[in-house]
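Asker: Right, I'll just put the structure down here and ask away after.
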Amino acid sequence: MYVIVVGGGKVGYYLTKALVSAGLEVTVIEKQRRRYELLQEEFGDAAFLGDGCEVRTLEQAGAPRADLLAAVTGDDEDNLVSCQMAKRKFKVKRVIARINNPKNEVTFQMLGIDETVSSTKLIYSLIEQEVEVADVIPLTALRRGNLELVEVALPKTSPIVNRRVRDIALPQNCTLALLVRGDDAQVIDGDTTLRAGDLIVAITPSGHVLEFRAAMLGKAITTPP
Amino acid sequence: MHAVILGCGRVGATLGLMLEAAGHSVSVIDRDREAFRRLGQHFKGKTILGIGIDEDVLKKAGIERARAFAATTSGDNSNIMSAQIAKVKYKVPRVIARIYDPLRAEAYKELGIDTISPTLLSAGLCLDFFLERPFRTVVEYQALPEILAHS
């Protein structure tokens, strides 16, 4: 798979590094020479000097054959243009834009860029969640379907400790997926018996997080203000 | 009609003054307060401090009732983005973006945003001037020349 990363700042750098480690073919486009030279030292030919919003640069960096373009500069408008160029001019199948202003998520979607990532929004939702539900930790919101991936550590007082998963009554559409016990991780099925200290990764609808928490931890559901 | 101009540089300010002289209502947005000085003392329109890709700023400038929007900042991408917001979200009838990069201007024209590329205009005019040819139309100047089309 061939990925183009537009923007060689901190996000672009670490993203490129991770993708290269994963064995993907990557090009990171950076327009500032000094920054580009640093990237070139580390990534060699995977670094490309140019403005990732320009048609010519994208073409030379291989946009026509790219499977995915991630625009991660610090400027939302630059990321918008890179993504729009990649999508419409070069028909890149998948584009992802970093956005700094969370309000731009809706704007970008309106302009045809569906996948956006806003660290502001992620941190904000963590804070929001932290206030409501302290011990069920949200890992990620799954884009379509309003589902969330959450993590919860089972205390001794949990009502579901020493019980088989199939015998536990969970809210609708909640699924216990993974269990981490000590150094082992295992996929959960109906016969899995949960123990105190287990770390569970579960899928739950956004609207049912409080009920899920009650089921997992045994605390009374507090009605929201 | 009400017009919103993004960018109070030379073009934005001149356009603002021209529109007002022609009897229209004008709001000008710029992120630098000093830029509004270009409008002079007799400008009756509204000035809004802020960036044009922020919808709160656009709303303060009256984008919801605007019939004309011009994006004239020095940043092509800001102009492209705000012009699209004006056109697609606020359905402003006449939207134009000034885009220096001829290839980008061409690409966005294909996407339905009216663009004006001063680069092509200026270069074309100078060329005709040197070759002692009569000047052509704006549309003709905006056509992307072969030399730029291929890398």
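Each reported figure results from applying straightforward, stated rules to the coordinates on display, with no laboratory input. If you're wondering where the values come from, they're calculated on a predicted model, not measured in any experiment. Using ideal geometry, Cβ is built from the backbone for each residue, glycine included, and neighbour counts are taken over all protein chains shown.
Asker: 7 Å from Cα along Cα→Cβ at both A:D67 and A:D114: what's the point-to-point distance in nm?
Answerer: Each label point is offset 7 Å from its Cα along the Cβ direction, giving 1.8 nm.
Asker: Sticking with this one: Stokes-Einstein at 10 °C, 1.306 mPa s, Kirkwood radius from Cα pairs: D for chain B in µm² s⁻¹?
Answerer: 99 µm²/s
Asker: Moving to a separate point now. For an R0 of 45 angstrom, estimate the FRET efficiency from the Cβ-Cβ distance between A:L139 and B:A143 and round to the nearest 0.05.
Answerer: With R0 = 45 Å, the Cβ-Cβ based efficiency is 0.30.
Asker: Using only Cα atoms, what Kirkwood radius does the protein assembly as shown have, in angstroms?
Answerer: 24.2 Å
Asker: Could you give the nm distance between label points at B:K46 and A:K156, where each point is 7 Å from its Cα heading toward the beta carbon?
Answerer: Using points 7 Å along Cα→Cβ, the separation is 6.5 nm.
Asker: I've got another one for you. Just the projected area, averaged over all directions, of the convex hull on the alpha carbon atoms of segment A:1-142: how many nm²?
Answerer: Mean shadow area of the hull around the Cα atoms is 9.1 nm².
Asker: Mind scanning A:K10/B:K46; A:K17/B:K89; A:K31/A:K89; B:K44/B:K109 and naming the pairs with a C-alpha gap bigger than 28 Å?
Answerer: Long pairs (Cα-Cα over 28 Å): A:K10/B:K46; A:K17/B:K89; B:K44/B:K109.
Asker: Can you give the FRET efficiency to the nearest 0.05 for B:C126 and B:D32, using r as the Cβ-Cβ distance and R₀ = 35 Å?
Answerer: 0.70
Asker: Bin all alpha-carbon pair distances of segment B:79-151 at 10 Å intervals from 0 and give each bin's fraction as a whole percent.
Answerer: Result, from short to long distances: 19, 45, 26, 9, 1 percent.
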